[in-house]
């Protein structure tokens, strides 16, 4: 139990929201071990040749915006193209094998020279099932990744095979990953990683904690959920032009909720410049989320008012209205002298 709002937020972030360091370290070690095993798949002279230089972790765990529970870890596993070429069509990108001398030639669509992403995924699935430490490997329903379920861990791995393109006319390279329909699509997790790092650093390293707190907030069943990536993008858009994110999470939330309430109603551009509008929410969902953002922004304003007037119990209870029952209650033992721990902010 906490005696002040500061103590309550510190406890909340440490014990409820943020990942435990031991779990993070264990997960990274497990990921590195798995990559080592997968690098050996090519030794059978049939599996596609790996390209370790382009292996890349992605998703919220890699960006350090993951909250509890640690349930999935995303990894893009690089493959060598062996002279393959790609063609951009209106609805897909095709990858064409360079010929019989390439291992990719064995993974073509029937009656064509184009490499089938589903066959590549199946190759990963079949080989991953041979690793004894893991329970089960399945291709995700969207046919864009292989999910590896662990025997002794709480988290799964989502593994995405990928290629990297040569430089285009602008000197830019892209990752090619399965598109869910047997072909390929562009992505570039480096852009997301670098954007998060840059914006977090320019805001004194405080943005990541805010993202995690808001992710926890949107998990509550008080409104429809937007995708984690959309939410992060909206928050990053807010802080991109700022340099003074507070280390006190609560001081950021009123203005941020109001920003989210407005921005979620409109198109949201992919910060990578690849997908276009990433806001696929229905009009009804956008309105419901927006309404909740404005409602909770008002609650945050009230909580801050109570705190500034040293009414700590009322302030903490208002924060519990925002974040739910796992936000710490006020400790009554120290309620007679809470000013000892109070920081004017």
Suppose we keep only residues that are at pLDDT below 95 and out of contact with any helix residue (DSSP H, G or I) (no Cβ under 9 Å at 6 or more places or on another chain) within the range 151-167. Which one would you say is surrounded by the most Cβ atoms within 10 Å (Cβ to Cβ)?
156
Looking at 60, 106, which one is over 30 Å from residue 276 (Cβ atoms) and part of a helix (DSSP H, G or I)?
106
Of the residues in the range 228-252, those that are in a loop (DSSP other than H, G, I, E, B), over 20 Å from residue 14 (Cβ atoms) and in contact (Cβ under 8 Å) with a residue 24 or more places away in the chain come to 242, 243, 244
Which members of the range 110-128 meet the condition of being in contact with a strand residue (DSSP E or B) (Cβ under 8 Å, 6 or more places away or on another chain) and part of a loop (DSSP other than H, G, I, E, B)?
113, 116
Return the total of residues in the range 273-313 being touching a residue at least 24 places away in the same chain (Cβ under 8 Å) and in contact with a strand residue (DSSP E or B) (Cβ under 7 Å, 6 or more places away or on another chain).
2
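Of these, 268, 201, which one is outside the structural domain of residue 179 (by TED's automatic domain parsing), farther than 21 Å from residue 8 by Cα and in contact with a helix residue (DSSP H, G or I) (Cβ under 8 Å, 6 or more places away or on another chain)? Break it down stepwise before answering.
Working: 201 fails: in contact with a helix residue (DSSP H, G or I) (Cβ under 8 Å, 6 or more places away or on another chain).
Only one candidate passes the filter, namely 268.
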Quick one: residue 181 ticks every box in (1) surrounded by fewer than 17 Cβ atoms within 10 Å (Cβ to Cβ); (2) over 27 Å from residue 25 (Cα atoms); (3) under 19 Å from the mean Cα position of the chain (by Cα) except a single one, so which number is it?
(3)
Any idea which residue in the range 27-36 is nearest to residue 83 (Cα to Cα), counting only those that are at pLDDT 95 or above and loosely packed, with under 15 Cβ neighbours inside 10 Å?
36
Has the range 118-140 got at least one residue that is modelled with pLDDT under 95, surrounded by fewer than 20 Cβ atoms within 10 Å (Cβ to Cβ), within 19 Å of the chain's Cα centre (by Cα) and more than 21 Å from residue 88 (Cα to Cα)?
yes
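The values are calculated or read from the model by the stated rules, or taken from the named source; none is laboratory data. The model shown is predicted, which means the values in this text are computed figures rather than measured ones. As a convention, Cβ positions derive from the backbone with ideal geometry for all residues, glycine included, and neighbour counts pool all protein chains shown.
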